[in-house]
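The values are calculated or read from the model by the stated rules, or taken from the named source; none is laboratory data. What you see is a predicted model; the values in this text were computed from it and never measured. Virtual Cβ from ideal backbone geometry, glycine too; neighbours counted across all protein chains shown. For accessibility, only protein heavy atoms count, side chains too; no ligands or nucleic acids. Shrake-Rupley method; radii C 1.70, N 1.55, O 1.52, S 1.80 Å.
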Amino acid sequence: MKKSGYSGIARSTSGRLRRTDREGSSSITSPRSEVTTSYSSRAMSEVAVPEMMPPPAVPAACQAEKPVPGPGMGDFSYVGIDAILEQMRRKAMKQGFELNIMVVGQSGLGKSTLMNTLFKSKVSRKSVQATSQEKIPKTIHIKSVSHDIEEKGVRMKLTVIDTPGFGDQINNDNCWQPIMKFINAQYEQYLQEEININRKKRIPDSRVHCCIYFIPPTGHCLRPLDVEFMRRLSKVVNIVPVIAKADTLTLEERDFFKQKIREELRANGIDVYPQKEFDEDAEDRMINDKIREMIPFAVVGSDQEYQVNGRRLLGRKTKWGTIEVENIAHCEFAYLRDLLIRTHMENIKDITSSIHYEVYRVRRLNENNTAVAHANGLPQHHMTSHEM
């Protein structure tokens, strides 16, 4: 017997009503469908063919919404679990997104220009807080500027964090410390909001999701400052190294420099993004391996538009031609943009939250437990067994 509904009721020869399904085949006779023979033919036709009766009027206010049509509406087995993707999309569109990028490198490497090129708008600190002549600060200052960006209905709060003064002094010992302190301060601020009894429904996220480190295009090797900075900071933030102003190198020099940098990163145990240990599956590993082979990205930044063969593009004009920023034959800017925005943005934020911030959170909570235990005179061994 089919599980579908019935289209009509027919009179059987035994005086009972026999239901027929939509295919016309007979179903099991029901003893409750018995009708007396005193019915007239008109009354019998009214009982036997219920679909001929006009349906009762339902007020418009009481009518239920029609089901949202889906790809499997004609499929009996369709449940609609895939609709959760659309629900998540609507929720994300309402909430918007947040991205916090830090740029680190000595003056004159094009940090502000590259950020403007990435988002095709004036988002860098110098673009917003421009001064007639900015002097190199004697100490490292951490400055940030936030923007609300919208593209095709998608809203994002972008925060660009600049570090003027880094690497510009005669003595650059420990110049990474103010940057490390700033990153940890953002973790601490998020932690304090998280452990509040009456915490906010959505905690503002000021944690640094990514640090773009600018390497001078020397063509030789990394400086001790570069190695020390990335070695220490790679443990607390996602670092993406780039070779600044790569158009000053020939293709052969660029390839040699990139290979040399990768060897030095491995020799010093520096794990830049995307970290191999955080690959989730074989597909991720295959995609990320290709990215790791290109690191560091040799980039060229420009916020100047030019017309080349009838096309508008961003580039740098020289006597012998125009360097196209988004042309992968000229530089690797397009790969950097895809990594940061188009393919790995959410993964960068996930690693910040589930790895780097989690390490900081566990350490801070353990410190608090230790301090409370000492204040209460609790023995160390007792506290350790309690935590386990």
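Near the amide H of residue 238, within less than 5 Å, lie the amide hydrogens of 211, all on another chain or at least 5 residues away, with H placed in the peptide plane.
Express the carbon and sulfur contribution to the solvent-accessible surface of the stretch 256-353 as a percent, rounded to the nearest whole number, probe 1.4 angstrom. Ligands and nucleic acids excluded, carbon and sulfur reach 47 percent.
The residues of the stretch 214-304 expose, per residue, 48 Å² of accessible area to a 1.4 Å probe.
If you model the stretch 251-318 as an ellipsoid using its alpha carbon gyration tensor, with each semi-axis the square root of five times an eigenvalue, the axes come out at 32, 18, 10 Å, biggest first. Expressed as a whole percent, the accessible surface of the stretch 170-211 that belongs to carbon and sulfur atoms is 48, based on a 1.4 Å probe.
Subtracting the Cα-Cα distance of residue 156 and residue 266 from their residue separation scaled by 0.36 nm leaves 36.1 nm. Residues of the stretch 345-375 with the amide nitrogen closer than 20 Å to a label point 7 Å from the Cα of residue 128, along Cα-to-Cβ, please. Label zone hits: none. Between residue 194 and residue 281, the FRET efficiency estimated from the beta carbon spacing at R0 = 25 angstrom works out to 0.30. If you plug the beta carbon distance of residue 365 and residue 232 into 1/(1 + (r/R0)^6) with R0 = 25 Å, you get a FRET efficiency near 0.65. If the chain linking residue 82 and residue 181 were pulled fully straight, counting 0.36 nm for each residue of separation and taking away their Cα-Cα distance, it would gain 31.3 nm. Full extension of the segment from residue 327 to residue 171, taken as 0.36 nm per residue of separation minus the current Cα-Cα distance, would add 52.3 nm.
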